[in-house]
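The values are calculated or read from the model by the stated rules, or taken from the named source; none is laboratory data. Note that this is a predicted model, so its numbers are computed, not measured. Cβ sites come from the backbone with ideal geometry, for glycine too, and all protein chains shown count toward neighbours.
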Amino acid sequence: MLRVNVGFLLKQPPGFSREMEIEAGQVRIAEDLDVGFLRGVIRFTRTHEGLLAQGRLRTEVACNCVRCLTDFALPLTAQLQDLFYYPPNRAVASDLVIPEDGNLDLGPLLREDLLLAIPMRVLCRPDCQGLCPHCGQNLNEGRCTCSEETRDPRWAALNALLKSR
Ligand SMILES: [Zn+2]
Ligand SMILES: [Zn+2]
């Protein structure tokens, strides 16, 4: 859980702001999202509506390369610029709210931010060579012994056609 106690900020007048350092190791952001670490600074500013959170958090998420199927840690940055309402009764259902006890849970916000930041097709590196379709060798680790002709059956058919002419 990613709880920050912001109770003391709620007692301050609008305009008051305070920076908070976030430094966490492996943490579960949500049921479906674990991160390797979370580091950064969030500035909270008291407004008439609640608290404005601004900052950048660096993190990394475990991913699986779509080309070579290797697990790797993808570095991501979450950019926060969000208003948390307080007292909660002034907010509508879709708004972010601060509970009465002042323990703000950053999890749902970060989850949304980070899941949007993860590309649909994640590659371990931009020039990932992928796996050989014949023997399954990870081509980032070296070439396999499959010959050029067996690599793509479509070319083999074309070659046969050319040879027959
Ligand atoms: Zn890869
Ligand atoms: Zn091969």
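The number of residues in region 8-21 that are surrounded by 14 or more Cβ atoms within 10 Å (Cβ to Cβ) and either assigned to a strand (DSSP E or B) or of a type in the set (Gly, Ala, Ser) (or both) comes to 3. The set of residues in region 63-82 being within 19 Å of Ile29 (Cα to Cα) and either in a loop (DSSP other than H, G, I, E, B) or away from ligand 1 (no atom under 16 Å from the Cβ) (or both) consists of Leu76, Thr77, Ala78, Gln79, Leu80, Gln81, Asp82. Every condition in (1) surrounded by fewer than 15 Cβ atoms within 10 Å (Cβ to Cβ); (2) among the basic types (Lys, Arg); (3) at pLDDT 90 or above is met by Arg165 except one, and the failing one is (3). Being closer than 30 Å to Leu139 by Cα and of a type outside the set (Phe, Trp, Tyr) is the requirement here; does Asp71 meet it? The answer is yes for Asp71. Residue selection: Ala53 fails the criterion of being small (Gly, Ala, Ser), buried (at least 16 other Cβ atoms within 10 Å of the Cβ), in a strand (DSSP E or B) and in contact with a helix residue (DSSP H, G or I) (Cβ under 6 Å, 6 or more places away or on another chain).
Leu76 satisfies every condition listed in (1) farther than 30 Å from Gly136 by Cβ; (2) surrounded by 15 or more Cβ atoms within 10 Å (Cβ to Cβ) except (1). Looking only at region 84-111, residues that are over 15 Å from Val4 (Cβ atoms) and modelled with pLDDT of 90 or more come to 2 in all.
Filtering Gly55, Gly107, Gly50 for residues that are touching a Lys or Arg at 6+ places or on another chain (Cβ under 7 Å) and small (Gly, Ala, Ser) leaves a single hit, Gly55.
Looking only at region 105-120, decide whether some residue is part of a loop (DSSP other than H, G, I, E, B) and in contact with a helix residue (DSSP H, G or I) (Cβ under 8 Å, 6 or more places away or on another chain). No, the conditions are met nowhere in region 105-120. Condition check: more than 16 Å from ligand 2 (Cβ to nearest atom), exposed (fewer than 12 other Cβ atoms within 10 Å of the Cβ), at pLDDT below 90 and among the charged types (D, E, K, R). Does Arg154 satisfy that? For Arg154, the condition - more than 16 Å from ligand 2 (Cβ to nearest atom), exposed (fewer than 12 other Cβ atoms within 10 Å of the Cβ), at pLDDT below 90 and among the charged types (D, E, K, R) - is met.
Out of all the residues in region 117-130, is one or more at pLDDT 90 or above and either more than 16 Å from ligand 1 (Cβ to nearest atom) or at positive phi (or both)? The answer is yes; a qualifying residue exists.
Which residue is nearest to Gln129 (Cα to Cα), if the candidates are limited to region 51-106 and must be within 16 Å of ligand 2 (Cβ to nearest atom) and hydrophobic (A, V, I, L, M, F, W, C)? Even if it seems obvious, please write down each step before you answer.
Within region 51-106, the first condition is being within 16 Å of ligand 2 (Cβ to nearest atom), and the residues that meet it are 67-69.
Next, from what is left, pick out any that are hydrophobic (A, V, I, L, M, F, W, C): 68-69.
Details: Cys68: 7, Leu69: 11 Å.
So, considering only residues that are within 16 Å of ligand 2 (Cβ to nearest atom) and hydrophobic (A, V, I, L, M, F, W, C), the one nearest to Gln129 (Cα to Cα) is Cys68.
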